[in-house]
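A quick write-up on the structure given underneath.
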Amino acid sequence: MFFSFIQGLKAKSNRRGLKEKEFEFLFEEDTSGEYVVFDTETTGLNPKKDEILSIGAVKIKDNKIITSQTFEVFIKNSCEISSKSIEIHKIRPIDLENAKTTDVAIREFLNFIGSRPLVGYYLEFDVSMVNKYIKPMLGVTLPNKMIEVSEIYFDKTISLIPQGNIDLRFDTILKKCGVPDMGAHNAVNDAIMTAMIYLKLTKEK
């Protein structure tokens, strides 16, 4: 109860910092019954210095992935993309020539997610990357409820492996859940695969 009280105070404090009232909807109660699964591709794994190259997202409703409502945006970046980074996500500088500015891209993303709960794998990192942009822009951080699929997987698996040595790598969870690997490593595909993992784990409850 005390934890809920503290969380409530933090939420109110966050909302008071909102600079643009048109984004008040982020703090409203979600009544859509939908979840948004999202993923980011970045220049590296340090939110303090790295940047987002692309965001991919998809909605879930009634235990179904709404593939007709996917979201994808490529974002202009100011730092050099390393060859190692390109090897992972295949996003080259030439691919970003017609990319959107961070301001436009993040606003489009916020309008897509609304106040829906957010689902992801290693979600804390993706949220940290998005917050890096929206905090200076809007004065707030993402207030949405967060659902981490690796935590759900861990909770379901720990009773079967009591010693607690559980492999939480994405590829392993994908395989254990019987979800097909879509191959191409990009934000939208990763979001869709994460959505399939989420449905597999929650449908079996």
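Remarks
- Residue within the range 150-159 that is open to solvent by 60 Å² or more (accessible area, probe 1.4 Å) and either in contact (Cβ under 8 Å) with a residue 24 or more places away in the chain or in contact with a strand residue (DSSP E or B) (Cβ under 6 Å, 6 or more places away or on another chain) (or both) present: yes
- Considering residues of the range 20-41 that are among the aliphatic types (A, V, I, L, M) and touching a helix residue (DSSP H, G or I) at 6+ places or on another chain (Cβ under 6 Å) only, the residue nearest to residue 113 (Cα to Cα): 36
- Identity of the residue in the range 85-97, at negative phi and in contact (Cβ under 8 Å) with a residue 24 or more places away in the chain, that ends up surrounded by the fewest Cβ atoms within 10 Å (Cβ to Cβ): 88
- Tally, over the range 76-94, of residues that are in contact with a strand residue (DSSP E or B) (Cβ under 7 Å, 6 or more places away or on another chain) and assigned to a helix (DSSP H, G or I): 1
- For the range 166-179, a residue qualifies if it is open to solvent by 60 Å² or more (accessible area, probe 1.4 Å) and part of a helix (DSSP H, G or I), and the qualifying residues are 171, 175, 176.
- Note on the range 59-75: among residues that are surrounded by 11 or more Cβ atoms within 10 Å (Cβ to Cβ) and either outside any strand (DSSP E or B) or of a type in the set (Ser, Thr, Tyr) (or both), the one that is modelled with the highest pLDDT is 70.
- Screening 56, 44 for residues that are open to solvent by less than 80 Å² (accessible area, probe 1.4 Å), under 23 Å from residue 193 (Cβ atoms) and assigned to a loop (DSSP other than H, G, I, E, B) leaves exactly one candidate, 44.
- Of the candidates 146, 182, the single residue that is within 23 Å of residue 41 (Cα to Cα), at pLDDT 95 or above and open to solvent by 30 Å² or more (accessible area, probe 1.4 Å) is 146.
- Count of the range 115-131 residues, restricted to those that are open to solvent by 40 Å² or more (accessible area, probe 1.4 Å), part of a helix (DSSP H, G or I) and in contact (Cβ under 8 Å) with a residue 60 or more places away in the chain, is 1.
- For residue 140, the requirement of being open to solvent by less than 20 Å² (accessible area, probe 1.4 Å), hydrophobic (A, V, I, L, M, F, W, C) and part of a helix (DSSP H, G or I) is not met.
The values are calculated or read from the model by the stated rules, or taken from the named source; none is laboratory data. Please read these numbers as outputs of a predicted model, since none were measured by experiment. We place every Cβ from the backbone using ideal geometry, glycine too, and count neighbours over all the protein chains shown. Ligands, DNA and RNA are excluded from the accessible area calculation, which covers all protein heavy atoms including side chains. Shrake-Rupley method; radii C 1.70, N 1.55, O 1.52, S 1.80 Å.
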